[in-house]
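Here the structure comes first, spelled out in structure tokens, and everything after it is commentary.
The values are calculated or read from the model by the stated rules, or taken from the named source; none is laboratory data. Owing to the predicted nature of the structure, the values given are computational and were not obtained by experimental measurement. Here the Cβ positions follow ideal geometry from the backbone for every residue, glycine too, while neighbour counts run over all protein chains shown. Each accessible area value is taken on the protein alone, full model and side chains, heavy atoms only, with ligands, DNA and RNA left out. Shrake-Rupley method; radii C 1.70, N 1.55, O 1.52, S 1.80 Å.
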Amino acid sequence: MKFAWKMIAMVAVLLAISLTVGGIAVIGKTYRSETATAVSEAQEDMKLFGTTLQALCLMELEKEDPQAAVIRVMQTYPVFGAHDYGVYDRDNRLLLGAGEAGADVISGLEAGTIETRILRQGDRLEVCSAQTLTLLGQDFGLVLRKDMTEVLNRARQNLREYELVMLGILLAGMLLTTLLTLWMTRPIRRISRTAKQLSDGRYDRRVMVQTDDELGKLAKEFNRMADALEEKICALEEAAQRQKDFTASFAHELKTPLTSVIGYADTLRSRQLPGKQQMEAAGYIFSEGKRLEAMSFALLDLFALEREAPQMRPISVPQLIRELSESAGHLLRESGMSLQTQAEPCEITASPDLLKTLLYNLIDNARKASKAGDVITLSGKRTDAGYCFTVTDCGQGIPPEALPRLTEPFFMVDKSRSRAKGGAGLGLTLCRRIARAHGGALTFESALGKGTSVHVEIGGGSQ
């Protein structure tokens, strides 16, 4: 059963119980009050009845039989005819009047006391008062009965009327309760419906509840949870897609060098080639092997960054620039290029090995995009966030549409040129990871035919 119907049923039961108990209590109290009034009136009538009978009997001759005298007095005076009475002797035998119902009432009754009882005779209800009197020297029992069926009928009529009123109130209360409950539980139904839509994959669904009560707060928290869930799902989907793209790109990147290695190795194995052709085949195998090696090292570095945070320590920027000039200078001189450095002296907190790898890869990328005789610039300056390194070349430049994808794994602007120079397509991906590990980021500025500048923001700079 739904929560709303549970509330409706519960309120209906409570309302029915309350009306029933309240009605019975009110009607019962009214009935008891009317009964008490009837008993009190019956006692007063009995007192008056007995007093009148005693006074009239004093006027009779004492020599006459007491029983006959009492009977004659009650038959003679019309005042007694207006009452339903009974006269009994000392043995509780009926002498005058109607019915034997009063014999039980006067049985054992002490003289001078009045006993009043309510008796039910079939559908009739009567109040019966009894007392014992001494008349003309003999004890007599008097019983006075008064019909109070009207009181019972009135109580029954009130009960029937109240049942109709209670039924009307109950129906109206259930209708009002149903409307109020359905209105109050509407936010719960909306939350339930939205939760089902979220479970079906519709992560953009939200609860539209404009109240300030607990249900409104629940709806806001539910929407906040749905926002977080949607962000997490989108992040997972993007991560899964990146993983899928990475796997596909990795397989593709492996296929090309392996095909070349296998082809040239099979040629060397199956044929007797002249010395020059053998050297060319061996050279192809060596270059493709080196490319596979570079790709493997880059992947290992990426995995290492994923597993554990780098160890940071203070390092001097001038010393870092000198070490990079020595390691990258030889490579640039072999390509007929030179490295120009210009950096503000500063001490930064970083991982020396990772920072060298990042800047060395940027210098190597600049070398691959340049031609003999070009100058590659490595500069650095202090910033509000820390320190910024910039590597600038005067090479071919990068198309604007390719700039957002430069740090994607295995993405290359010019695949043939990159592969020819030993590129694995993971250098900038590794650089981005290293920059993030240092609380920074990579930004690119490039113009076709004019060159490219790569900026690396590193946090933790100091004097």
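Annotations
- Rounded to the nearest 500, the 222 nm mean residue ellipticity of the chain from helices alone is -20000 deg cm²/dmol, with -39,500 (n - 2.57) taken per DSSP H run of at least 4 residues.
- Working from the Cα coordinates of the range 146-246, the gyration tensor eigenvalues give, after taking √(5λ), semi-axes of 61, 12, 8 Å in decreasing order.
- Ordering Gln157, Gly173, Gly137 by the projection of their Cα atoms onto the charge dipole of the range 128-187, which places +1 on the Cβ of Lys and Arg and -1 on the Cβ of Asp and Glu, puts Gly173 at the extreme positive end.
- Note: relative contact order over the chain, using C-alpha pairs below 8 Å and six or more positions apart, is 10 percent.
- Estimated FRET transfer efficiency (Lys276, Ser296; beta-carbon r; R0 35 Å; 0.05): 0.70
- Within the accessible area of the range 348-406 (1.4 Å probe), percent carbon and sulfur: 52 percent
- In terms of overall dimensions, the C-alpha atoms belonging to the range 21-163 reach 64, 30, 23 Å along their principal axes, ordered largest to smallest.
- Ile8, Ile188, Ile24, reordered so the largest accessible area comes first (probe 1.4 Å): Ile24, Ile188, Ile8
- Summing charges over neighbours of Thr185, with a neighbour being any other residue whose Cβ is under 14 Å away from its Cβ, gives +4 when K and R count +1 and D and E count -1.
- Using the Cβ-Cβ distance between Glu230 and His330 with R0 set to 45 Å, the FRET efficiency from 1/(1 + (r/R0)^6) comes to roughly 0.30.
- Cβ-Cβ FRET estimate between Leu179 and Arg154, R0 fixed at 35 Å, reported to 0.05: 0.40
- Taken over the chain, the alpha-carbon convex hull comes to 311 cubic angstrom per residue.
- The listed residues Ile262, Ile106 rank as Ile262, Ile106 when sorted by accessible area, largest first, using a 1.4 Å probe.
- Linear extension gain, Asp266 paired with Arg32, 0.36 nm per residue minus alpha-carbon span: 72.4 nm
- Ordered by solvent-accessible area of protein heavy atoms (1.4 Å probe), largest first, the residues Thr35, Thr211, Thr51 come out as Thr51, Thr211, Thr35.
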